[in-house]
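Notes for the one structure printed next.
Nothing in this text is a laboratory measurement; each read-out follows from the coordinates by a stated rule. These numbers come from a predicted model, not from an experiment. Ideal geometry is used to build each Cβ from the backbone, glycine not excepted, and the neighbour counts take in all protein chains shown.
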């Protein structure tokens, strides 16, 4: 990304992390025995793509990203809850996440289970405690709960594929649409809602995010095969060790790369519906090209 | 309970179960690979105390219980999610629930984990998809998410006690206030909100529920020691097998019974704030006396 856009991204990351801190210093999330595990995973240094998308879409449609901070925090909490549960032994059984011990390794399985449960709930509390009016709250919460349901459906499908000999490209893309795209779509739509966008803009944002999510997931699969262990923070080929079928393993790396390229271009096309789309174009390219 | 009140209770149970069915036949919960596990646990035949309290409090303050059906379904979903996760091997490791295999035994650990996650989310979706106005939705969702956070905090405390040599009565009662009372309080308060009750009535309902919850949990602990395996549907002394410290094991059965009696009487006293409290008195007595 160019230096100006990189600074904007840093602002979004810092704003998100400060807002998460503020939640845990407030009545919204009183100190409990599971707070430490919740914060450990929230603060484990993700790329904050989802909250950044919330804030940037809010800025693009309204000029002010700060109106969307609570929605940004909420989506990051749902994302983190899903990672904590996804890493559990009965799921992907990953001991590391972003180069650090995963939540259940750092604490315990029961603590990780309950920290995930609590974060799922806290996301809703954050929106409910926000200054949005009741109508906006209902719309944001509906988007958030719909996306969470779709994401969980995607996780179930993902697991069910482990028991199968073969999975088609169509089935894998449908699963990615749920598991990966749901929260990314929700991020852009919540940003639009916070910024007061009309339905046409919301639909364009959703389509952009859908294409971005697919491109991102396919790149992630490719990276899992060819990537660099240090950069990713998890063992290379961990999906392969779990005998997980991915779009990269089904199509081969070359064809999968072409497909990712197609979705990237479709995502960039959708951004033409928005003025001041310079940051979003730069972010989209950087997300999708760093894996090349 | 007398026959008339028993009929009312049956109406509430049937209304709840029909409303749960209706959710799964609607767009609120589209069919997914985890729907079967969610419904298995929801339909496993609990006593439906929480939804019945929602509906009765709504009726007592407004004359019409049907206004509260969505809130009743939501609280039963949160309760069921908590039971599914509570039964998991990393938690209480219970193979049976209500005389049937627990969710992870019937399906798998990962399915049970995700079914619980999905039910936690679906509770919010049910309220969001209801006909309540946005202001009422926000109030109900705030109560629901506050109660869920407290319940999870209680589960964490409960687990932490397993690692300890001794736990005081005060600590146990505080844990029960969170783990058991939070959802019962939320039930009565949501019923009041759906029925348009004022803050004084809401405060009385909350106090009633707090005392009922403590009395109920202490009776449950006593029953775990002296109860009949067939009636409970889980092995006698399963808490003791897990070396779990309960108020009955700390105080002894006799003193614990006296304490439960005190909370029962306090609960009944609080019902004097409500007219037409005949059903609630009868329900309260039947809940607390069947374990004698």
Query raised in the report: So if R0 is 22 Å, what FRET efficiency would residue A:272 and residue A:198 give, r being the distance between their Cβ atoms, rounded to the nearest 0.05?
Result: 0.85
Query - Virtual spin-label span in nm between residue A:43 and residue A:281, 7 Å along Cα→Cβ - result: 3.9 nm
**Report entry** Other copies of residue B:164: label-to-label distances in nm, shortest first, labels 7 Å along the beta-carbon direction
**Finding:** 4.8
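Could you tell me the ratio Rg/Rh of the protein assembly as shown? Both radii from Cα atoms, Rh via Kirkwood. The partial results should precede the final answer.
On the way: Rg = 24.5 Å, Rh = 24.8 Å.
When Rh is taken as the Kirkwood radius, the ratio is 0.99.
Order of B:179-191, A:167-179 by packing, highest average Cβ count within 10 Å first?
On the way: B:179-191: 27.2, A:167-179: 17.9.
The peptides rank, most packed first, as B:179-191, A:167-179.
Please work out the FRET efficiency for the pair residue A:254 and residue B:18, using the Cβ-Cβ distance as r and a Förster radius of 60 Å; give the result to the nearest 0.05.
0.65
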Requested in this report: Sort all Cα-Cα distances of the range A:3-282 into consecutive 10 angstrom bins from zero, then give the percent of pairs in each bin up to the one containing the longest distance.
Outcome: 7, 29, 37, 23, 5, 0
Requested in this report: Distance between Cα centroids, the range A:70-112 to the range B:51-106: provide it in whole Å.
Outcome: 26 Å
Report task. Mind listing the label-point distances from residue B:285 to the same position on all other copies, shortest first, one decimal in nm, points 7 Å along Cα→Cβ? Result -> 7.8
Report summary line: Simple SL model, points at 7 angstrom along Cα→Cβ for residue A:164 and residue B:96; separation in nm is 3.7 nm
Report task. Consider a paramagnetic label point 7 Å from the Cα of residue B:225 along Cα→Cβ; state which residues of the range B:254-292 have an amide N under 15 Å from it. Result -> B:254-261, B:292
Query raised in the report: When each copy gets a label point 7 Å from Cα toward the beta-carbon at residue B:253, what are the spacings between them in nm, shortest first?
Result: 6.9
